[in-house]
Amino acid sequence: MVARTVPVEAFDLIVFGGTGDLARRKLLPALYHRFAAGQTPGDALIIGAARRRMDGAGYRDFAREALTEFVPESHLKPDLVEGFIAMLDYVPVDAATEAGWAALGRKLKGREARPRAFYLSVAPQFFGQICERIGRGRLVTPETRLVVEKPLGRDLASARALNAQLASHFDEHQIYRIDHYLGKETVQNLMALRFANALFEPLWNANHIDHVQITAAESVGVGERGGYYDQNGAMRDMVQNHLMQLLCLSAMEPPSRFDPDAVRDEKLKVLKALRPIEGAAIDEEIVRGQYEAGPDGPAYREEAGDPESRTECFIALKIGVENWRWAGTPFYLRTGKRLKARHTEIAIRFKDAPHSIFGDSAGALKGNALVITLQPNEGIELRLNIKDPGPGGMRIVSAPLDMSFGSGAGDAFRMPDAYERLLMDVIRGDQTLFMRGDEVEAAWAWIDPIIAGCEEGRAPPAPYAQRAEGPMESHILLHKDGRRWREIA
Ligand code: NDP
Ligand code: BG6
């Protein structure tokens, strides 16, 4: 596969929180990779903005160190690094006061014709003040975009308040809400697979699909983020955003065009069709867990700094989508920390063949499965039943038809990080892979009663061993329905 890049026009990008962890680990490396690939022109301007006193040269040193740490050495070419670094500048700005705003305005003066993106890589409590000051400083041009990161609220009320705050300064078409899962290569491939091939769509419904499994397993624990994480839990941290997006893309109707509103309208319909999980259904359809101490570190509760914590770092859910396409076909979702492996996939399990003509000696005919792996080994696998090769009669075995995107391409091959794609889309002005405000609110509207129900005097999350597949109750969730989770490997 040969990567093809379509260059973007010269742009100005202002990263509030340009000295933070996200900028260092993700944004600067992503921008470097796109520059190195020839996608961004050398006269783009990237301004870091934060309170720390520093000049442009100081920020360029900061960025050089970030690249050394987070870009693989084989991709660090000195002339490219210097070319990239030359595009960087810095302005000390305090989101909460007037300090630095006039200087930022001066840097941007006379550059109104270019695409201009403000990236809010700061805590959400600053979003309102930054938007207010951007507006007051007359920094919003017709070509301005605003990029915001999760958390986009912590419930429906706060998400609505945030949307209203953003809307008082920016039009919806200028707001880019990032869910980095949407920038992952294989997530986009899910749409290509579904809507560029006539093969699957006729089968993509409850008549032919037994169930869908979406797994986002992590081997890492919450580590130093424990205190922060404990205020949120897996439901807010992973399900409300990333897993809901994967569910929407798997379940949505074909949009009429691959354009922002057509795609987002269809995702919204899925969110609105989710069966509420309330009352007794919470015990039936939700499993929550916390990892115990083990070979990879302390127990969740210790890392969270609360020996009584009731916050889940593992969750499994059985979800119903109430429409004609999906009635009767459950979607099972699970995500958790300190599991057996880092593995994210969507598995579409088709129904079993209605009758075996081969007799008992051939063995059971397992339903076909289409598995879309997001990470770590991006690929698509279709499991088919074939004859076990060789003599010995007709024995049927399940074998994969395998399409791997990442492997076999050697050292020089690198799967682009989600932020690379998303940042370029911001500059291009393409919102297709970004969440619209109503989508975020619809996801919270469905999630809120579940969180409230889980907090309502129910048993604490079930303990589970590290390097395993979550609590036993998660397996029981599927066993009750005569199904089983795919192994996390
Ligand atoms: P950090 O705490 O590492 O960085 C925060 C940044 O904000 C620093 O650059 C800090 O610089 C700046 N800042 C703090 N206060 C002000 C202020 N008053 N005015 C201007 N700048 C200020 O956070 P992260 O980089 O980890 O995260 C940033 C945002 O992105 C958060 O909302 C987070 O939830 C979100 N996010 C982060 C991810 C990650 O991987 N890190 C992933 C997804 C989302 P200074 O102190 O010098 O002002
Ligand atoms: C983040 C969550 O949004 O996604 C983290 O806050 C999680 O807790 C991360 O680890 C997972 O992202 P990825 O791309 O590694 O699957």
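The values are calculated or read from the model by the stated rules, or taken from the named source; none is laboratory data. Model, not experiment: these values are computed from the prediction. Glycine also receives a Cβ, built like all others from the backbone with ideal geometry; neighbour counts cover every protein chain displayed. The accessibility values were calculated without ligands, DNA or RNA, using every heavy atom of the protein model including side chains. Shrake-Rupley method; radii C 1.70, N 1.55, O 1.52, S 1.80 Å.
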Roll a 1.4 Å probe over the protein heavy atoms and report the accessible area of D171 in Å², nearest 10.
90 Å²
Sort the stretch 10-52 into rounded, prolate or oblate with this rule: let a ≥ b ≥ c be the square roots of the eigenvalues of the Cα gyration tensor; rounded if a/c is under 1.5, and if a/c is not under 1.5, prolate when a/b is larger than b/c, oblate otherwise.
oblate
If you line up the long axis of helix 56-70 against the longest principal axis of the chain, both from Cα atoms, how many degrees apart are they, to the nearest 10?
20 degrees
For K150, list the lysines whose Cα falls under 26 Å from its own Cα; do not include residues on the same chain fewer than 8 positions away.
K26, K184, K267, K269, K272, K318, K337
Multiply the residue separation of H173 and S219 by 0.36 nm, subtract the distance between their alpha-carbon atoms, and state the gained length in nm to one decimal.
12.8 nm
Stretchable slack from D296 to E487, in nm (0.36 nm times residue separation minus alpha-carbon distance)
66.7 nm
Probe 1.4 Å - accessible area at W485, Å² to nearest ten
20 Å²
Stretch N323-A164 to full length: gain in nm at 0.36 nm per residue minus the Cα-Cα span?
54.2 nm
Zero-based 10 Å bins, Cα pair distances in the stretch 12-149, whole percents
12, 45, 34, 9, 0
For L384, enumerate residues with amide H under 5 Å from its amide H, sequence gap 5+ or separate chain, H modeled in the peptide plane.
A399, L401
Peptides ranked, highest mean first, by Cβ atoms within 10 Å: ranges 56-63, 75-82
56-63, 75-82
Return one number: the angle in degrees, 0 to 90 and rounded to the nearest 10, between the long axis of the Cα atoms of helix 127-136 and the longest principal axis of the Cα atoms of the chain.
40 degrees
If R0 = 41 Å, then R458 and E201, at their Cβ-Cβ distance, give a FRET efficiency to the nearest 0.05 of 0.55
Over the chain, what portion of Cα pair distances is larger than 31 Å, expressed as a whole percent?
49 percent
In whole angstrom, the spacing between the Cα centers of the stretch 329-362 and the stretch 367-388 equals 10 Å
In degrees rounded to 10, the 0-90 angle between helix 156-167 Cα long axis and the longest Cα principal axis of the chain is 40 degrees
For the chain, what does the accessible surface come to per residue with a 1.4 Å probe? Please give it in Å².
44 Å²
Over the Cα atoms of the stretch 31-82, each weighted equally, I'd like the Debye log10 I(q)/I(0) at q = 0.20, 0.24, 0.25 Å⁻¹, rounded to two decimals.
-0.78, -1.05, -1.11
Given 328-341, 464-477, the highest-first ranking by average Cβ count within 10 Å works out to 328-341, 464-477
If amide hydrogens are placed 1.01 Å from N in the peptide plane, which non-local residues have theirs closer than 5 Å to the one on A44?
F11
Value of relative contact order over the stretch 12-149, rounded to a whole percent, pairs C-alpha under 8 Å and six or more apart:
30 percent
